[in-house]
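Please read the structure below before turning to the comments.
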Amino acid sequence: MGKIKVTPCGDIEGLKVIEPTVFGDSRGYFMETYNYNDFKEAGIDVEFVQDNQSSSHYGVLRGLHFQINYPQDKLVRVVSGEVYDVAVDLREGSATYGKWYGVLLSAENKKQFFIPRGFAHGFLVLSERAEFTYKCSDFYHPNDEGGLIWNDPDIGVEWPIPEGMELDLSDKDKKWHGFKEFHR
């Protein structure tokens with residue numbers, strides 16, 4: 001192994017921050033962003049079937065999203081800019097059900113965040129622009145979307161919103177309900 005450093009995220013089982021080995025010199029750098037064998041050895045044995053990329057500007061908050069009947073494992077990273085990325089445990093029976101974890105992802109720190117199926121996911125853009133990529137273990141099904149409101153006090157995500165930042169949310173993200181409505 002040795003090509004990646006994998007760090008568990010607090011007490012929330014399954015969430016992991018991945019730091020690739022970066023080889024740099026005066027010309028720039030090289031890194032492997034994904035190698036199935038290294039990830040499998042680190043306990044992430046997932047077949048990814050779809051890659052996505054988004055671009056967003058400062059203050060955009062996307063989430064908290066999940067797929068209802070076709071849950072996805074996700075491996076997310078930032079290729080330009082900086083975001084605060086959040087996952088919320090929605091796995092019924094989990095000891096950390098309803099708990100959240102956040103991590104700063106940036107082009108500079110090159111960290112990746114592995115989010116297993118059964119989590120809601122979202123991010124806040126902290127740089128002027130950010131390009132965000134993610135691998136998914138299942139295909140996107142547009143009629144299978146679920147979400148939680150980003151500022152639900154029952155979840156209590158501590159978003160690092162700088163003073164004066166105006167949040168930019170989609171109409172859909174403004175209408176999600178809270179954890180109590182999700183929790184059946």
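The values are calculated or read from the model by the stated rules, or taken from the named source; none is laboratory data. The shown structure was predicted, so the numbers you read here are calculated from the model rather than taken from an experiment. We place every Cβ from the backbone using ideal geometry, glycine too, and count neighbours over all the protein chains shown. SASA here: full protein model, heavy atoms, side chains in, ligands and nucleic acids out. Shrake-Rupley method; radii C 1.70, N 1.55, O 1.52, S 1.80 Å.
Listed values, structure above:
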{"item": "5 angstrom amide H check on Ser80, placed H, neighbours 5+ away", "result": "Ala107, Glu131"}
{"item": "Percentage relative contact order, segment 35-184, counting C-alpha pairs under 8 Å, at least six apart", "result": "34 percent"}
{"item": "Cα gyration tensor category, rounded, prolate or oblate, for segment 1-95 with a/c compared to 1.5", "result": "oblate"}
{"item": "Neighbourhood net charge (14 Å Cβ-Cβ; Lys/Arg +1, Asp/Glu -1) for Asn69", "result": "-2"}
{"item": "The chain: calculated mean residue ellipticity at 222 nm from DSSP helix runs of at least 4, using -39500 (n - 2.57)", "result": "-1500 deg cm²/dmol"}
{"item": "Qualifying trypsin sites (Lys or Arg not before Pro) in segment 25-63, DSSP loop, other Cβ atoms within 10 Å at most 14", "result": "Arg27"}
{"item": "Accessible-area composition of segment 14-133, carbon plus sulfur, in percent [1.4 Å probe]", "result": "45 percent"}
{"item": "Derived scalar couplings ³J(HN,Hα) [segment 124-136; Karplus, 6.51 cos²θ - 1.76 cosθ + 1.60; whole Hz; x for Gly, Pro]", "result": "10, 7, 9, 9, 4, 9, 9, 10, 10, 10, 8, 9, 10"}
{"item": "Per residue value of the accessible surface for the chain (all protein chains in place, 1.4 Å probe), Å²", "result": "54 Å²"}
{"item": "For Leu64, residues with placed amide H under 5 Å, excluding near neighbours", "result": "Leu148, Trp150"}
{"item": "Separation of alpha-carbon centers, segment 126-184 and segment 28-57, rounded to whole Å", "result": "22 Å"}
{"item": "Mean Cβ count within 10 Å, highest first, over the residues of peptides 95-104, 153-162", "result": "95-104, 153-162"}
